[in-house]
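Read the structure below first, then the notes.
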Amino acid sequence: MSELNDTYAERIRQARAHLETTRAAMARAEQDLAASKVKTRSRDRAVEVIIGPQGELAGLTFLDNKHQSMTGPQLASSVLEAAQRGRQEVAQRVMDTFRPLMAANPDVPGSRDIEVDWDRLFGPAFEGGRRAGGGSSSKDRLRDEIHEDPDDSGGRP
């Protein structure tokens, strides 16, 4: 019986050590991400934006005076496109940083990866984790939910 208790005690020690290592890694990741910014340009190279760590627009530069020959809607489109690309990069960076930290603890039998709904977390700023590893879109989930809902209308249209 003592050997069994020693085995459990060792597993608990390993699980606690893994938890502390993960906590420290998450704190470092949060600190690193809080200080990061992303710089992106529009495809027409007329606009450059800086996106902050929470997806906020932190800087805007009109390059080579190209904006002077653009219509208002063209310029607005360039700004929005560059900002969207920057927000996607920020979201991807967050996912790439935290995904390894959410893996199951190998020292805890039956533990599972922590699942995150990246679409819900980042909203329309990110085109879902599909670029980086799959997942269904919110439209697909809604379609599935509608399909799976029981008909509670009692046969009425």
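Values quoted throughout were computed directly from the atomic coordinates according to the rules given, and no laboratory measurement underlies them. Fair warning: this is a prediction, and the values are worked out from it, not measured in the lab. Don't worry about glycine lacking a Cβ; one is built from the backbone with ideal geometry, like all the others, and counts go over all protein chains shown.
Only residues that are in a strand (DSSP E or B) and in contact with a Lys or Arg (Cβ under 7 Å, 6 or more places away or on another chain) were counted in the range 62-85, giving 0.
Quick one: in the range 68-105, of everything that is under 30 Å from GLN14 (Cβ atoms) and among the charged types (D, E, K, R), which residue is surrounded by the fewest Cβ atoms within 10 Å (Cβ to Cβ)? Steps first, answer last, please.
Looking only at the range 68-105, we keep the residues that are under 30 Å from GLN14 (Cβ atoms), and these are 94-105.
Subsequent filtering for residues that are among the charged types (D, E, K, R) retains 96, 99.
Values: ASP96: 10, ARG99: 16.
The extreme case among them is ASP96.
Name the single residue, out of those in the range 38-82 being touching a strand residue (DSSP E or B) at 6+ places or on another chain (Cβ under 9 Å) and among the charged types (D, E, K, R), that is farthest from THR97 (Cα to Cα). Filtering first and then ranking leaves LYS66.
Let's see how each residue does on (1) small (Gly, Ala, Ser); (2) within 30 Å of SER111 (Cβ to Cβ); (3) under 22 Å from the mean Cα position of the chain (by Cα); (4) not in a loop (DSSP other than H, G, I, E, B):
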position: ASN5; (1), (2), (3), (4): no, yes, no, yes
position: GLU10; (1), (2), (3), (4): no, yes, no, yes
position: ALA15; (1), (2), (3), (4): yes, yes, no, yes
position: THR22; (1), (2), (3), (4): no, yes, yes, yes
position: ALA25; (1), (2), (3), (4): yes, yes, yes, yes
position: ARG28; (1), (2), (3), (4): no, yes, yes, yes
position: ASP44; (1), (2), (3), (4): no, no, no, no
position: VAL49; (1), (2), (3), (4): no, no, yes, yes
position: LEU60; (1), (2), (3), (4): no, no, no, yes
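Within the range 30-42, the residues that satisfy the criterion of being in contact (Cβ under 8 Å) with a residue 12 or more places away in the chain and either in a helix (DSSP H, G or I) or basic (Lys, Arg) (or both) are ASP32, LEU33, ALA34, LYS37, LYS39, ARG41. Put simply, of GLN54, GLN88 the only residue that is touching a Phe, Trp or Tyr at 6+ places or on another chain (Cβ under 8 Å) and under 19 Å from VAL116 (Cβ atoms) is GLN88.
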